[in-house]
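Written out below as structure tokens is the structure these notes cover.
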Amino acid sequence: LPALQPNFITRDAQMRRQMYLSNIVRETAEKTFEGPQTAFLASLGMVLRIFPAQEEDLQRAEELTVRTNQLNATGYTYSYAELNHFRQSPQHQLLMASLEDTYGTYGHIGLALLACTPTCWTIKLLLMSCRVLSRGVGGVLLTHLLQRAKAQGVRLQAEFVPTDRNRMMNITYRFAGFEEVAQQGEVQMFEHPSANIPPFPDYMQVDCTQ
């Protein structure tokens, strides 16, 4: 039906069948692995890439905002045109993340949108694909943002809008050291004291492209 057709057929959508097949092999390996979870994660050889969104990434970025509910900190959705505005705006940062391991690629699995002032960066949107729920990607992306904010000498805040499905994102913020400092209607404001920034996990290589 036309109403069920997405605005774009992204490369990630085209690869979805292959990614599902790779994940079946990955899950089978996890079930038969003998040892702690961290050892299995280390065996995957994961590489997380974090990079500023380019124009060719915007279709997937829009798809992520529409499709991702469980691992979405605010539930905000943005159109292609809005994301393109943020991508070019000097008052914003639009970052994407992709993940791959020895079994193949997970595709573009994360998105972060920040509103920036000279003294404070605010995470307006942080979301992750459910495919990486058990990989700790949300915490890694937050560590990257905290490191960048500290290097720039600015505070890092985050908006969080609780829903009946995104409790895991609340846990991700809390585990990373964020604390609630205010509430504006349904929006909870978190801030990180920046004194103790968690390190990247040993089991994942992080490639941060500025």
Equivalent ellipsoid semi-axes - Cα gyration tensor, the chain, angstrom: 26, 22, 16
Fraction of beta bridges assigned by DSSP in region 108-162 that are antiparallel (%, nearest 5): 65
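Tell me what the chain gives for mean residue ellipticity at 222 nm when only DSSP H runs of n ≥ 4 count, each as -39,500 (n - 2.57), the sum divided by the residue total, rounded to 500 deg cm²/dmol.
Values: 7 runs with 72 residues, N = 210.
For the chain, the value works out to -10000 deg cm²/dmol.
Taking the solvent-accessible surface of protein heavy atoms with a 1.4 Å probe, what is the per residue accessible area of the chain in Å²?
On the way: 10990 Å² over 210 residues.
Normalised by residue count, the accessible surface of the chain is 52 Å².
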Fraction of accessible area attributable to carbon and sulfur, the chain (%, probe 1.4 Å): 51
Share of alpha-carbon pairs per 10 Å distance bin for region 73-188, given as whole %: 12, 45, 36, 7, 0
Rg ratio (alpha-carbon, reference 2.2 N^0.38 Å) - region 134-210: 1.14
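Pulled fully out, how much extra length does the chain show between Ala151 and Cys116, if you take 0.36 nm times their separation in residues and subtract their Cα-Cα distance?
Values: separation 35, 0.36 × 35 = 12.60 nm, distance 1.41 nm.
Full extension of this stretch gives 11.2 nm more.
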Ellipsoid semi-axes in whole angstrom, largest first, where each is sqrt(5λ) of the Cα gyration tensor of region 29-94: 34, 15, 10
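The values are calculated or read from the model by the stated rules, or taken from the named source; none is laboratory data. Fair warning: this is a prediction, and the values are worked out from it, not measured in the lab. Only protein heavy atoms, including side chains, enter the accessible area calculation; ligands, DNA and RNA are left aside. Shrake-Rupley method; radii C 1.70, N 1.55, O 1.52, S 1.80 Å.
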